[in-house]
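*Asks:* Can you read through this structure? Questions will come right after.
Values in this text are rule-based calculations from the coordinates and carry no lab data. Worth saying up front: this structure is predicted, and the values here are computed from it rather than measured. As a convention, Cβ positions derive from the backbone with ideal geometry for all residues, glycine included, and neighbour counts pool all protein chains shown.
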Amino acid sequence: KMCIQKTGEEFAVIHHELGHNYYQRAYNTQPLLYRGSANDGFHEAIGDTIALSITPKYLKEIGLVDTVPDASNDIGMLLKLALDKIAFVPFGLMVDQWRWKVFSGEVKPEDYNKAWWELREKYQGVMAPVERPVDAFDPGAKYHVPGNTPYTRYFLAHILQFQFHKTLCEIAGNTDPIHRCSIYGSAEAGKALNAMLEMGKSKTWQEALASLTGKGEMDASAILDYFAPLKTWLDEQNQDRTCGWSQNI
Ligand SMILES: [Zn+2]
């Protein structure tokens, strides 16, 4: 799945990839047709869920750092993670928005690139850094477009992973702020997660989700809980500033 290097970033990526493998192993006794994830967002979310437990405390426990930074460092860590996890969400949504418009014929070939940048601006608030030639095909730079891999799964996974993490932390009896919680070593959390993974796709995704979280609906509020200290900090920094990028959103 990956040509791995020993970097902090790839330490998270290997958790992501192994999430796929542990899911596959969990549902491998299901009948053939049920050997898959509850929906494709689930498959992308499992390893990321586990990676949210890579806290400084956990790194100390496994001997990868000597000291646990005090809580004053949390804002920096949360900001770095938010630039990854939250900044991704609008991109995760717009890739298939573009693709579905292409497949439906709503966007014609001569407008493929223009429509791409319209969505980039609408959802992400970013523009091309230079004027793009009319025959440019910037969507092709994203592997999943020429590779024909669905992309909404990553949008879903970025919501689900925080929902899973929050629930698993509750099961593990965590009393720390959610961003400081690691489920490492909690047999109860592992058992609850595995019970959902073992279902494969023998149940609907709503049933699978409810089996773990008690609720059969996706709920992005766990993201807000996780980043709550950062939100407070950002609100202070952005006082008296006008944020946003477009009149028509
Ligand atoms: Zn993946």
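*Asks:* Within the stretch 50-66, is there a residue that is closer than 20 Å to HIS165 by Cβ, more than 16 Å from the ligand (Cβ to nearest atom), of a type in the set (Val, Ile, Thr) and over 20 Å from the mean Cα position of the chain (by Cα)?
*Replies:* Checked the stretch 50-66: at least one residue is closer than 20 Å to HIS165 by Cβ, more than 16 Å from the ligand (Cβ to nearest atom), of a type in the set (Val, Ile, Thr) and over 20 Å from the mean Cα position of the chain (by Cα).
*Asks:* Between residues in the stretch 1-25 that are farther than 23 Å from ASP40 by Cβ and residues that are of a type in the set (Asp, Glu) and within 15 Å of the ligand (Cβ to nearest atom), which pairs lie under 6 Å by C-beta distance while being six or more apart or on different chains?
*Replies:* ILE4/GLU10
*Asks:* Out of (1) within 23 Å of HIS43 (Cβ to Cβ); (2) in contact (Cβ under 8 Å) with a residue 12 or more places away in the chain, what's the single condition that is false for ARG180?
*Replies:* For ARG180, the exception is condition (1).
*Asks:* Right, next: With respect to the numbered conditions (1) surrounded by 13 or more Cβ atoms within 10 Å (Cβ to Cβ); (2) of a type outside the set (A, V, I, L, M, F, W, C); (3) over 17 Å from PHE164 (Cα atoms), which one is the sole condition not fulfilled by ASP40?
*Replies:* For ASP40, the exception is condition (3).
*Asks:* Taking the residues in the stretch 146-166 that are away from the ligand (no atom under 16 Å from the Cβ) and under 18 Å from HIS15 (Cβ atoms) as candidates, determine which candidate is farthest from the chain's Cα centre (by Cα).
*Replies:* The qualifying residue farthest from the chain's Cα centre (by Cα) is LYS166.
*Asks:* Those residues that are touching a residue at least 24 places away in the same chain (Cβ under 8 Å), under 17 Å from PHE137 (Cα atoms) and either within 27 Å of the chain's Cα centre (by Cα) or buried (at least 17 other Cβ atoms within 10 Å of the Cβ) (or both), I need them from the stretch 92-119; list them, please.
*Replies:* Listed by number, the residues that qualify are MET94, VAL95, ASP96, GLN97, TRP98, ARG99, TYR112, ASN113, LEU119.
*Asks:* Just wondering, is there one or more residues in the stretch 64-81 that are acidic (Asp, Glu), surrounded by 16 or more Cβ atoms within 10 Å (Cβ to Cβ) and either in contact with a helix residue (DSSP H, G or I) (Cβ under 6 Å, 6 or more places away or on another chain) or outside any loop (DSSP other than H, G, I, E, B) (or both)?
*Replies:* Yes; the residues of the stretch 64-81 include at least one that is acidic (Asp, Glu), surrounded by 16 or more Cβ atoms within 10 Å (Cβ to Cβ) and either in contact with a helix residue (DSSP H, G or I) (Cβ under 6 Å, 6 or more places away or on another chain) or outside any loop (DSSP other than H, G, I, E, B) (or both).
*Asks:* Can you tell me which residues in the stretch 31-48 are within 12 Å of the ligand (Cβ to nearest atom), assigned to a helix (DSSP H, G or I) and not aliphatic (A, V, I, L, M)?
*Replies:* ASP40, GLY41, PHE42, HIS43, GLU44, GLY47, ASP48
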